[in-house]
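Participant: Before we start, here is the structure in question, set down as structure tokens.
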Amino acid sequence: MGGAAFLIRGELDYGKHECKPQKKTFLQRLRLRRQPEGPKILEFGQGKLIDVPAEKLSGMSAAFREYLHNRIPKPWSSTNVFHEYLDAGVIGTYVRGEQPADSSSTDWYVQMTFSGCAGLGEIAAELGAHWAERWYQDEGDFITTSFLEPFHFTPGPSRSEDHFKRAFLPLGHLGYGLYVGHLKDQQYPPEYAFELDAGATEYMKYEDYLRLIKEIDETFEPVMSDGLCRCQLCMPDFDAASVEGRLKALLNQP
Ligand SMILES: [Zn+2]
């Protein structure tokens, strides 16, 4: 499964979410044919996964988008491409607990997922997880009091989880490129220093795409050699327009 996720680990007051059987009158039974949906428990070899219905947290995605609009009043072209991705309704919010078979304690987390759109938007999904983490760094208290505490979820001290540092470069109408050049000394190095969204280049002939990705490598890898993220939240003063101009020259666009 593709896509990317941002996780907030903490403690859930699970008792508040369990559905307790209630006595109902005949009329209530007729009117409410279905019980309200409670947590789903999936048992597997190494333990179990508890999936708590999280509709009450669905407002987080709108609050996240509002944060982006406030923080980025003048979006770059690449940021606008990301907003188009969000318009496709790609954010899911889940609350899950993992309980290993040999343990009685449960690891709870709230998870914001960003869909990879069947492989077309994997880089946008990575950017979504990156920006959700920034949102949590900036507005963690607001998120906690507005969403998490009413849900009986208490975030833990290690508030976020970003295993690897992501670095993006704004590439105009192609959206953001994910810089992977720092992985080139690994055993299975990536072929190119940047990964682009398939959805941004699928209209191109394959040979044109290969020529473009090579030229993007040669032109912009030196820009990213410090490994710093040049997204519009991390580096708002970055000259995205000059990258766009050089990119248009590569594509022979006016
Ligand atoms: Zn960034």
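Participant: Within the group 178, 171, 120, which residue is among the hydrophobic types (A, V, I, L, M, F, W, C) and away from the ligand (no atom under 15 Å from the Cβ)?
Facilitator: On the way: 178 fails: away from the ligand (no atom under 15 Å from the Cβ); 171 fails: away from the ligand (no atom under 15 Å from the Cβ).
Selected residue: 120, the only one of 178, 171, 120 that is among the hydrophobic types (A, V, I, L, M, F, W, C) and away from the ligand (no atom under 15 Å from the Cβ).
Participant: Additional query: Looking for whichever is surrounded by 15 or more Cβ atoms within 10 Å (Cβ to Cβ) and farther than 21 Å from residue 79 by Cα here; the options are 192, 206. Which one fits? Spell out the reasoning first.
Facilitator: Details: 206 fails: surrounded by 15 or more Cβ atoms within 10 Å (Cβ to Cβ).
None of the others qualify; the one that does is 192.
Participant: Another question about this same structure. Could you pull out the residue among 135, 76, 131 that is touching a Phe, Trp or Tyr at 6+ places or on another chain (Cβ under 7 Å) and of a type in the set (Phe, Trp, Tyr)? So that I can check it myself, show each step before the final result.
Facilitator: Values: 76 fails: touching a Phe, Trp or Tyr at 6+ places or on another chain (Cβ under 7 Å); 131 fails: touching a Phe, Trp or Tyr at 6+ places or on another chain (Cβ under 7 Å).
Just one listed residue meets the conditions, 135.
Participant: When you check residue 158 against the structure, is it of a type in the set (S, T, N, Q), surrounded by fewer than 18 Cβ atoms within 10 Å (Cβ to Cβ), away from the ligand (no atom under 16 Å from the Cβ) and modelled with pLDDT of 95 or more, yes or no? Spell out the reasoning first.
Facilitator: Values: of a type in the set (S, T, N, Q): yes; surrounded by fewer than 18 Cβ atoms within 10 Å (Cβ to Cβ): yes; away from the ligand (no atom under 16 Å from the Cβ): yes; modelled with pLDDT of 95 or more: no.
Considered against the rule, which asks whether it is of a type in the set (S, T, N, Q), surrounded by fewer than 18 Cβ atoms within 10 Å (Cβ to Cβ), away from the ligand (no atom under 16 Å from the Cβ) and modelled with pLDDT of 95 or more, residue 158 comes out as no.
Participant: Here is a follow-up. Do any helices (runs of 4 or more DSSP H) lying entirely in the stretch 187-254 carry at least 1 residues that are over 27 Å from residue 71 (Cα atoms) and touching a Leu at 6+ places or on another chain (Cβ under 6 Å), and which ones are they?
Facilitator: Working: elements: 198-201, 206-220, 240-250.
Answer list for the stretch 187-254: 198-201, 206-220.
Participant: Can you find a residue that is farther than 19 Å from residue 119 by Cα, more than 16 Å from the ligand (Cβ to nearest atom), surrounded by 17 or more Cβ atoms within 10 Å (Cβ to Cβ) and over 25 Å from the mean Cα position of the chain (by Cα) anywhere in the stretch 218-231?
Facilitator: First, pick out the residues of the stretch 218-231 that are farther than 19 Å from residue 119 by Cα: 218-231.
From the residues that got through so far, the ones that are more than 16 Å from the ligand (Cβ to nearest atom) too are 218-219, 221-222, 225.
Next, from what is left, pick out any that are surrounded by 17 or more Cβ atoms within 10 Å (Cβ to Cβ): none.
No, the stretch 218-231 has no match at all.
The values are calculated or read from the model by the stated rules, or taken from the named source; none is laboratory data. None of these values were measured; they are calculated from a predicted model. Positions of Cβ are generated from backbone atoms using ideal geometry, with glycine treated the same way; all protein chains shown enter the neighbour counts.
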